[in-house]
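The values are calculated or read from the model by the stated rules, or taken from the named source; none is laboratory data. As the structure is a prediction and not an experimental result, all values here were calculated from the model. Heads up, the Cβs are rebuilt from the backbone with ideal geometry, glycines too, and the neighbour counts pull from every protein chain shown.
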Amino acid sequence: MDDEEFILYVQTSDAPERQYSPLVLAQTAKAMDIDAKVYYLGMGLKMLRPGVAEEIKIGTFPTLKEKLDKTMEMGIQIWVCEASKQMLGWENVELMEGVKIVGAGTLNDLALDASATMWF
């Protein structure tokens, strides 16, 4: 895809307690001057529906929506798997603003190009 070095964080779960780690790690990487990318697939897409992330708040962390917004404000792209949308039967579903819907092959390209990958 490109020659930049980056860490790829892949979110596959819709479990609320598993939502923060990839975003915290991506933001930390960015603060360390390491490029980061976040890719959502499978059940993870459920967190990106309008209204869902606003309802998730664990411990003293901000809401998941605030974490997602901050991640994108930092220039970290959030990618969403089109095939996962189809798997969930979401042909015309609305997702939160700012995410980029891409084909399944994009994940393969990102994984091949990443310096490291982490899955959640």
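List, please: which pairs have Cβ atoms under 8 Å, are six or more places apart or on different chains, and start with a residue in the stretch 82-101 that is closer than 19 Å to residue 72 by Cβ and end with one that is surrounded by 14 or more Cβ atoms within 10 Å (Cβ to Cβ) and acidic (Asp, Glu)?
That search, which allows pairs on different chains as well, returns 98/69; 101/82.
Spot the failing condition for residue 66; the list is (1) modelled with pLDDT of 95 or more; (2) closer than 17 Å to residue 118 by Cβ, and only one is missed.
All conditions are met except number (2).
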